[in-house]
Structures are given as structure tokens and as C-alpha cells.
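Here's the structure, in C-alpha cells; my notes come after.
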Amino acid sequence: MNWLTNSVLPKIQKLVRPREVPENLWHKCSNCGHMIFHRDLDANLRVCQHCGHHMRLPVKKRLEMLFDGGEYQRIELPKTPADPLRFRDQKRYGDRMKDAQAKTGEQDAIIVAHGRMGGLNVVIAAFNFEFMGGSMGIAVGEGIVAAAELAVLQDAPLIVIPASGGARMQEGILSLMQMARTTVAVEKVKEKGLPYVVLLTDPTTGGVSASFAMLGDIQIAEPGSVIGFAGARVIESTIREKLPEGFQRAEYLLDHGMVDMVVPRKDLRATLVRVLDLLLNRKPAGEVLPLPEKADSPARDENVQP
Amino acid sequence: MNFLDFEKPIAELEGKIEELRHLSDSDEMNIAEEVARLQAKVEKQLRATYAKLTPWQKTQVARHPDRPHFSNYVSALVQDFTPLAGDRTFAEDRAIIGGLGRFRGHSVMVIGHEKGHDTESRVRHNFGMAKPEGYRKAKRLLEMADRFGIPVITLVDTAGAYPGVEAEARGQAEAIARSIEACLNIRVPLISAIIGEGGSGGAIALAAGNTVLMLEHSVYSVISPEGCASILWRSGEAAKDAAEALRLTAQDLHKLGVIDDVIPEPLGGAHRNAQQAITALGDAVEAALKDLSGLEGGVLRARRREKFLEMGKRGLA
């Protein structure tokens, strides 16, 4: 209490009172420490304009960023057994699930959507890291299977965007089995001759990295993403020494031949469209190639000897 | 013999028997009778203990240093075993051994983790924890078997893939993913058996088989009980609780439909009678191969894939 609050008229008080600043208006870049205004950060796709550090992008924002006009249709995923092991640590898994569902408004850690990218129909399965660290249990496996089936059905390329710490421990062996299950699913897309592209985002580790996420025809990673199998802390305690600078980052994987390219967020959409166009031999900007004209020569059959 | 902490009463009884046997030179009938009586007691005790092992106790049995390992099974069950080395890219990884041989009259490819049995061999085999080279060798051998129409037997016994800087630099994740992919793609019978520890990604890399078998006291899990405890309970002490929660026993996995059959172990675990355990495994593998014989390659592959596509459709009732 001071003279201002005691004796000044409420209307004037309102003018001079320090406005309550919601805490999240300003973000501190975890890399360079610069303060960034939230609108600028969103406008820049959550990439720090000072140092280029890529912060995690919420899954729906990412889908908006990738699809033409930000428009896509989500597909509903089949129900899977909830809490198949009746798992309980210090908390029930069932309760953890309820909390995660309430927090995110989602059923589980994956979204499957289809829509146009550069005019081309594509299917995207994207992980939601905010849902229990994007961990892969049966429902996530189901999402990958459904996305793969949809891609095959629609004759569309499949893009999977992991952001996951790995398998979901609370589903025990059944989460481990999702590694084999998702491998079969993406294999079916590849066998149909459709492109399967993986966009590795921060983080992609554990059982997710050691299955479908490393099997793409094209592997693209976002700058700075942590990608690897074993956790850094586990490795550190095994070898008892400091890990090398940049270990398990996207650029480290690029140097070691594990990904095709590291692409800044702002260029991702254009890169994906270009890669798909090239793989499918489409003309740029989504035009469909005209059928080759066969004026004089009959269709060539490679198997027929002249 | 190494005894586990819960085997203490058994160890004491066997110690007594040992003592009596030393005396028996000097003495008569009484001692023989006493030994027989104690032996009956040991058996009773073993039966009681092993009939209701907790998941944590099973984890200890699965890791028992005297438990038969890959090499024991192969030398007893496979004739003309011809190990094949190397991933043709970087190195030979002795944590995974693979090769051709004759199993009960038929050519087979056998691949599995080897933990080693003493300090020197444990170091040589890196305690059964493979690096990318191990999984790439496995993939190479799976594909070779496919080309020659030779059935594959995989024996899984690993704490997990090796967590190290070099392993990550050379693509541990990719190597495991490709090994799983190869398991799922081949058009020959693939029988997998968990003989000890089935540790996470390092295990499934070799275990996506048409038939997956588990020895009675082996364990198979997405994470070690210790690892799970340190993350979810924030204390390694809770490993016992984690083992319980993870449902990692052969019996639970059979109920969940993740494995096809449980192979009974000799009384007191495979380490008490390795020969019996080895024969039991051999018989189970032979029966599984027989079930698949005559199936066309495409069918074998399609069935294996359908089976793994269904994983997780059912929980514990």
C-alpha cells in the first residue's frame, strides 16, 4: 500500500498500475538467451531470429505449415486397448493418460491427416510430443498403421514426423512390438512404389528411431534435433566420459551418413514438395505430366527383342 | 555353482549334502540315508521356490551366470556349425554370432547373442550387447538364408544394444531397424527363442519370427526393470516393482499373445541342468519348424507380417 493505491482515483490508478504481463509473452531462447516476443516467435515458426535455434513446434502448427493453405483433414483412429497391462508405478497409467488427454485435448500422441502439398495428395502421421513425450504405445502404432493404409488406399506418399522419446514403458512389451508392427506398415507403402519420407524432429530416440523412423526413402532432419538410439545420460554413465560436442544432433547424423539432409524449418515445405515431385516425376507446382505422345512408334516393350 | 539370494535355503541344504559326502568315506548307511533325505528336501524346496518365482526373481534367473548361452545351445544342437563373420562394412561384432549348420538333419542359419561365460569371453563378446555391426551382420545372414531357402533360428539373450558413442555414430538405430525389417521380409521360416534376457530393441532386432518361443524363466521387455525404475520411480531400488509392472515373464507374454509358446525348464532353472534345457529347446524349435514346413515363402512372410501387424490388439483379460 502506498499513496497511489490509497488516495488516487481508481481510473487514474488503472493508468499507472503496472499491467499484469502474462509470463509467456516473452520467450527466452534456450540457445542464445535472447528474449523474443511471442508474436515474432510464432511468425518465425518458433525459430529464434537471433541464432536460428529451432524450438519445438506444436504438432498442429506443423501440419498447418506443411499443407497447402494450412488445410488438412484428420482421420479418426481406431480404438485400442487402454492400459493393456494395468500398469502402475507411483501413479496409475490410466490416470497419467487422463492427465495427458486433458492437457492436450487429444486421445494419444499421434495425429494422422491427409491433404494437399504442392497440389499433391499426401498422408502425414505426426507425433505430438506434448502427449507423454510422444511415446509410442499401441495407439501410436495404430496411427502409423492407419496412415500407411490410407497412403496405399489413396496412392499417396507417406510422410511421418516423429517427435518422441521412444517406446511407452507403461505398455511394456506391447510397445516394443510396435517397432515390428510399424516396420511392416511402412514396408507396405514402399512396396506399392510410393515415397516414404521421414522428417526427424526433436527428439527422435529409442524404439521410435530404431524402427520406422530410420527406414524412409528420404530422411530429412530439422536443425539441432536430438536423434539417436540410446539416451545421452545412459551412454555417459556407460563410458564415464563427456560426450562429444553436438553428439546425436541432426548435423552429427548428417556428418555420419545417417540422414539425407538437414533442412531449416522455413524451407521444409518447399523441400518436401520438391522431393516428392522429383520422386514421382511430376512437374513442379503440382502440374500433372501429360501422357507421352506415341505418334509413330508403338509402346516399347523392354522384354521384346527386335 | 552360483546361488541367487532367494536360493539361500537351497544353498545351505546343498552345502550340508556336500559336507556329508566328504564324511561318507569313513562312515556307513546312516550318511547315505541322510543325504537322500536332504536331497529330497532340496528338490521339494526347489520345486516350491521355482513354481512361484516373482518377476524380479525370474529376471535374476534369466541373467544367471551359469545359464546356458548361445554357444552352449549351438555346440549341442547344431552339427557342422560354420560361423560367418563380419558386416562387410566396418567390423566383426562378436556380441552376435551367426552361421550355417545342420540342425536335426537340416541346413539352418543360426544367429544369436552371446554373453560369454567368464571375464575374458564376456569382454570378447561385449557382454552380449551388440553394436551396429552386429545387427548389420544379422541382416546380411538373414538375407543370405533367404536366398538359399534355408530356415533361420535366432536365439535372443541380451541386456540390450550397446549404448556407446561409436555405436551411435555408426547408426545403432538404423542398424536395428534394418535388422527388424530383414526379419519381417525373408521368405523362409524364422523361429526365434528368448533363452535368457530379451532386452528391448536389441532383442526385437532378432526376434520378429514366425514363431517366438521363450524359456520358462527367461524375460523379455521394452526396458530393463532397473531402467524403468530409475525413470518412473526415480530410484533403482524399485526394480522389483518395475519388474512386476512390466509383465516381462514368459507366462505373461504368452497371455498377451506376444509369444507362441513357453518351453519348460529343468527343476531349479536351466543353469541346474543345461543339457535338459538345451534338449527341450531343440525339441521345441524342431516342432515349430515342422509346423511351418511345406509353406510357400510368400505365405511364410505374409503370415509373419500379419502376426506383427496385430500386436497390441489384446491386453491382459
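Each value in this text was obtained by applying a stated rule to the coordinates, not by laboratory testing. Values in this document were obtained by computation on a predicted structure and should not be read as measured data. Quick reminder, even Gly has a Cβ in these numbers, built from the backbone with ideal geometry, and neighbours come from all protein chains shown.
Take A:R116, project a point 7 Å from its Cα along the Cβ direction, then tell me which residues of region A:54-70 have their backbone nitrogen under 19 Å from it.
A:63-70
May I ask you to order A:233-242, A:156-165 by the average number of other C-beta atoms within 10 Å around their residues, highest value first?
Averaged packing, sorted descending, gives the order A:156-165, A:233-242.
Can you give me the long-range amide H partners of B:T158? Hydrogens built in the peptide plane at 1.01 Å from N, cutoff under 5 Å, separation of 5 or more residues or another chain.
It is B:E197, B:G198, B:G199, by chain and number.
I'd like the distance separating the alpha-carbon centroids of region B:83-151 and region A:103-160, in whole Å.
Measuring centre to centre over Cα atoms gives 36 Å.
Go through region B:152-161 residue by residue and turn each phi into a ³J(HN,Hα) via Karplus (6.51, -1.76, 1.60, θ = phi - 60°); whole Hz please, and just put x for glycine and proline.
10, 10, 10, 10, 9, 7, 8, 6, x, 5
Report the trypsin sites (Lys or Arg not before Pro) located in region A:31-114 that are in a DSSP loop and have at most 14 other Cβ atoms inside 10 Å of their Cβ, or state none.
Answer by residue number: A:K79, A:R86, A:K91.
Could you tell me how many degrees, from 0 to 90 and to the nearest 10, lie between the Cα long axis of helix B:172-185 and the main elongation axis, the longest principal axis, of the Cα atoms of chain B?
Taking Cα atoms only, the helix is inclined about 80 degrees.
Which of these, B:E133, B:E216, B:E14, has the largest mean-square fluctuation under a Gaussian network model of chain B (Cα springs below 10 Å)?
Sorting by GNM fluctuation, first place goes to B:E14.
What is the mean number of Cβ atoms from other protein chains located within 10 Å of the Cβ atom of each residue in peptide B:177-184, rounded to a whole number?
The per-residue average across the peptide is 6.
How high is the relative contact order of chain B, in percent, counting Cα pairs under 8 Å that sit 6 or more residues apart?
In percent, rounded to a whole number, it is 16.
Report the relative contact order of region B:188-250, percent, no decimals, based on alpha-carbon pairs under 8 angstrom and at least 6 residues apart.
In percent, rounded to a whole number, it is 32.
Nearest 0.05, what FRET efficiency do A:E76 and B:H117 give at R0 = 56 Å with Cβ-Cβ as r?
Approximately 0.55, to the nearest 0.05.
Helix B:8-23 sits at what angle to the longest principal axis of chain B, using alpha carbons and giving 0 to 90 degrees rounded to 10?
60
Of the GluC sites (Glu not before Pro) in region A:46-122, which ones lie in a loop per DSSP and count no more than 10 other C-beta atoms within 10 Å?
A:E76
Amide H to amide H under 5 Å from A:G166: which residues, 5+ apart in sequence or cross-chain, H placed 1.01 Å off N in plane?
Those lying under 5 Å, H to H, from A:G166 are A:M136, A:T205, A:V208.
State the antiparallel share, in %, of DSSP beta bridges confined to chain B, rounding to the nearest 5.
40
Considering only the protein assembly as shown, what is the antiparallel percent among its DSSP beta bridges, to the nearest 5?
45
Tell me, B:Y220, B:Y50 in order of fewest to most beta-carbon neighbours within 10 Å?
If I rank by nearby Cβ atoms, fewest first, I get B:Y50, B:Y220.
Just to be sure I follow the definition: excluding the sites themselves, where is the longest run in chain B that has none of the trypsin sites (Lys or Arg not before Pro) in a DSSP loop with at most 13 other Cβ atoms within 10 Å?
Between the exposed loop sites, the longest stretch runs B:89-233.
Going by how many other beta carbons lie within 10 Å of each one, how would you line up A:S135, B:S293, fewest first?
B:S293, A:S135
Can you list residues from other chains, or at least 5 along the same chain, whose modelled amide H is less than 5 Å from the amide H of A:R56?
Excluding prolines and chain starts, which carry no amide H, there are no hits.
Convert each backbone phi in region A:46-55 into a coupling constant with the Karplus relation 6.51 cos²θ - 1.76 cosθ + 1.60 (shift: θ = phi - 60°), then list the ³J(HN,Hα) values in order as whole Hz, x for Gly and Pro.
6, 10, 5, 6, 8, 10, x, 5, 8, 8
Return the unpartnered cysteines for the protein assembly as shown, using a Cβ-Cβ cut-off of under 4.7 Å.
So far as the 4.7 Å Cβ criterion goes, B:C183, B:C228 stand without a partner in the protein assembly as shown.
Sorted from fewest to most neighbouring beta carbons within 10 Å, what does the list B:V110, B:V188 look like?
B:V188, B:V110
Gap in Å between the Cα centre of region B:199-234 and the Cα centre of region B:261-317?
Their Cα centres are 16 Å away from one another.
Residue separation times 0.36 nm, minus the C-alpha to C-alpha distance between A:Q49 and A:V234: what's the value?
63.3 nm
Let's test the formula: R0 of 51 Å, r as the Cβ-Cβ distance of A:Q154 and A:F247. What FRET efficiency results, to the nearest 0.05?
According to the calculation, E is roughly 0.85.
Is the shape of region A:77-188 best called rounded, prolate or oblate, per the rule: a/c under 1.5 gives rounded, else a/b larger than b/c gives prolate, else oblate, with a ≥ b ≥ c the square roots of the Cα gyration tensor eigenvalues?
Verdict is prolate for region A:77-188.
Only helical DSSP H runs with n ≥ 4 go in: add -39500 (n - 2.57) per run for the protein assembly as shown, normalise by residue count and round the 222 nm mean residue ellipticity to 500 deg cm²/dmol.
Helix contribution divided over all residues of the protein assembly as shown: -12500 deg cm²/dmol.
Can you tell me the orientation of helix B:132-148 relative to chain B, as the angle in degrees between its alpha-carbon axis and the longest Cα principal axis, to the nearest 10?
With rounding to tens, the tilt is 70 degrees.
For labels at A:K98 and B:F6 in the simple 7 Å Cα→Cβ model, what's the distance in nm?
Using points 7 Å along Cα→Cβ, the separation is 3.3 nm.
Once R0 is set to 30 Å, what does the formula 1/(1 + (r/R0)^6) return for the Cβ-Cβ distance between B:V299 and B:Q79, expressed as a FRET efficiency to the nearest 0.05?
Result of the calculation: an efficiency of 0.55.
Return the distance in nm (one decimal) between the two label points of a simple spin-label model at A:K60 and B:K16, each offset 7 Å from Cα along Cα→Cβ.
Reported label-point gap for A:K60 and B:K16 is 7.1 nm.
Rounded, prolate or oblate: which fits the protein assembly as shown, taking a ≥ b ≥ c as square roots of the Cα gyration tensor eigenvalues, rounded meaning a/c under 1.5, else prolate when a/b beats b/c?
oblate
Among rounded, prolate and oblate, which fits region B:59-316 when a ≥ b ≥ c are the square roots of the eigenvalues of its C-alpha gyration tensor, a/c under 1.5 means rounded, and a/b larger than b/c means prolate?
rounded
Label A:K28 and B:L267 with points 7 Å out from Cα along Cα→Cβ: what is the distance between them in nm?
The answer from the label model is 6.7 nm.
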